[in-house]
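The values are calculated or read from the model by the stated rules, or taken from the named source; none is laboratory data. If you're wondering where the values come from, they're calculated on a predicted model, not measured in any experiment. Glycine also receives a Cβ, built like all others from the backbone with ideal geometry; neighbour counts cover every protein chain displayed. Protein only, heavy atoms only, side chains kept; ligands, DNA and RNA dropped before computing areas. Shrake-Rupley method; radii C 1.70, N 1.55, O 1.52, S 1.80 Å.
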Amino acid sequence: MTAEPRLRPDIEALSALAAVQMRLRARIERALPAGVSASAFEALEQLARTDPPSGPGELAEVLGLSRPAFSHMLSRMEQAGWVQTAPDQQDGRRKRMILTAAGVRIHRECLAATREARRALRAAVAPEAAAAALPFLRGLDAWLTAS
């Protein structure tokens with residue numbers, strides 16, 4: 001006698017998220033200019049915002065990277081001339097990351113290079129379906145961040 005498989009939507013959802021994340025990163029990375037990783041593109045995207053993360057630790061957390069992994073990526077981005085770090089004006093013990101002119105340029109190149117992939121994604125996923133998934137994804141992210 002074989003046991004009936006139990007439905008485990010929680011486990012299936014996590015497995016689906018992992019698979020989707022890997023495929024999405026691979027598709028984005030294929031479109032990016034040479035030398036730009038998906039993580040670097042995400043960091044550039046965050047730094048290009050009107051209200052970017054306040055420092056390296058905060059950006060590492062937003063990107064879901066360990067501090068050593070983020071430190072390595074930040075070093076590579078600094079060597080490429082895309083970002084520079086400077087002391088925080090309000091707290092000299094902290095550092096701030098600043099997107100350089102070269103960083104703005106590579107960010108724009110990344111946006112142009114990924115435009116078609118982003119357009120295809122928007123066409124493939126109905127806005128209502130994406131909106132319906134947001135409460136689950138935000139709740140999961142909040143729980144994981146707090147844990």
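Among residues of segment 58-84 being among the small types (Gly, Ala, Ser) and open to solvent by 20 Å² or more (accessible area, probe 1.4 Å), the one that is modelled with the lowest pLDDT is 64. All conditions but one from (1) open to solvent by 40 Å² or more (accessible area, probe 1.4 Å); (2) farther than 27 Å from residue 14 by Cα; (3) part of a helix (DSSP H, G or I) apply to residue 51; the one that does not is (3). The single condition among (1) in a helix (DSSP H, G or I); (2) under 15 Å from residue 48 (Cβ atoms); (3) among the aliphatic types (A, V, I, L, M) that residue 144 does not satisfy is (2). Among residues of segment 116-140 that are in a helix (DSSP H, G or I) and of a type in the set (A, V, I, L, M), those with a beta-carbon under 6 Å from a residue that is open to solvent by 60 Å² or more (accessible area, probe 1.4 Å) and at pLDDT 90 or above at least six positions away or on a different chain give the pairs 117/27.
If you check residue 89 against the conditions, is it exposed (fewer than 13 other Cβ atoms within 10 Å of the Cβ) and modelled with pLDDT of 95 or more? Criteria not met by residue 89. For segment 99-115, the set of residues classified as surrounded by 10 or more Cβ atoms within 10 Å (Cβ to Cβ) and free of Cβ contacts under 8 Å to residues at least 40 places away in the same chain consists of 100, 102, 105, 108, 111, 112, 115, listed by residue number.
Can you find a residue that is touching a residue at least 24 places away in the same chain (Cβ under 8 Å), assigned to a helix (DSSP H, G or I) and either farther than 20 Å from residue 29 by Cα or not hydroxyl-bearing (Ser, Thr, Tyr) (or both) anywhere in segment 83-95? Taking every residue of segment 83-95 in turn, none turns out to be touching a residue at least 24 places away in the same chain (Cβ under 8 Å), assigned to a helix (DSSP H, G or I) and either farther than 20 Å from residue 29 by Cα or not hydroxyl-bearing (Ser, Thr, Tyr) (or both).
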